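Inspection log for the structure reproduced underneath, given as structure tokens.
The values are calculated or read from the model by the stated rules, or taken from the named source; none is laboratory data. Computed from a predicted structure; not experimentally measured. All Cβ positions, glycine included, derive from the backbone under ideal geometry; neighbour counts span all protein chains shown. We work out accessible area using only protein heavy atoms, side chains counted, and drop any ligands, DNA or RNA first. Shrake-Rupley method; radii C 1.70, N 1.55, O 1.52, S 1.80 Å.
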Amino acid sequence: MLNEFKEFIARGNVMDLAVGIIIGGAFTLIVNSLVSDIIMPVIGAFTRGLDFSNFFLPLSNTVTATSLAAAREQGAVFAYGHFLTVVLNFLILAWIVFLLVKAVNKMRASLEKQKNEEPAAPPPVDVQLLTEIRDLLKQRA
């Protein structure tokens with residue numbers, strides 16, 4: 001069973017998957033930073049300083065705080081602002097992945113077009129000679 005597990009781990013697909021997960025995790029951090037540090041402050045500037053991450057509805061009468069962190073300590077809250085931020089993160093990530101896939105598909109199509117446009121290599125000399133001999137024999141017959 002241990003040898004079978006080693007064989008499974010050594011396959012290229014598992015290693016590719018591991019690399020993809022690691023890069024995806026790092027990419028998620030980049031997108032989260034892009035949204036929270038760049039996009040949301042700009043949106044906040046247009047909405048006169050509104051910070052979506054602190055939007056919440058108290059679900060208890062004991063919640064009187066004005067920030068989400070303090071409100072969570074006081075009781076249950078419906079943190080829809082955080083949800084909006086996560087949805088925005090997802091949409092940005094989906095858009096970036098769409099653009100990457102589109103660029104890769106365009107590059108592949110360009111490479112395929114170049115490959116199809118390349119002239120076929122001439123046949124080897126021995127094949128050319130055999131073709132000439134065949135043609136001469138057809139003419140004599």
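So the values come out like this:
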quantity: Cα-based equivalent ellipsoid, the stretch 28-86: semi-axes from gyration tensor eigenvalues, Å; calculated: 24, 13, 8
quantity: C-alpha long axis of helix 125-140 to longest principal axis of the chain, angle in °; calculated: 50 degrees
quantity: Selection from Tyr80, Leu111, Gly20, by position along the positive dipole direction of the stretch 1-116 (Cβ); calculated: Leu111
quantity: Between 0 and 90°, nearest 10: helix 12-33 axis offset from the chain longest Cα axis; calculated: 40 degrees
quantity: Kirkwood hydrodynamic radius (C-alpha pairs) into Stokes-Einstein, the chain, 20 °C and 1.002 mPa s, D in µm²/s; calculated: 98 µm²/s
quantity: Accessible carbon and sulfur surface of the chain relative to its total accessible area, %, 1.4 Å; calculated: 67 percent
quantity: Pairs of alpha carbons in the stretch 3-62 whose separation is greater than 19 Å (percent); calculated: 61 percent
quantity: Per residue accessible area of the stretch 1-129, 1.4 Å probe, in Å²; calculated: 81 Å²
quantity: GNM result for the chain, Cα springs below 10 Å: residue of Ile21, Ile43, Ile92 fluctuating most strongly; calculated: Ile21
quantity: The chain: angle of helix 80-117 to the longest principal axis, Cα-based, in degrees nearest 10; calculated: 10 degrees
quantity: Rounded Å value of the spacing that divides the Cα centres of the stretch 1-28 and the stretch 64-103; calculated: 30 Å
quantity: Lysines whose Cα lies under 28 Å from that of Lys102, excluding same-chain neighbours fewer than 8 positions away; calculated: Lys113, Lys115
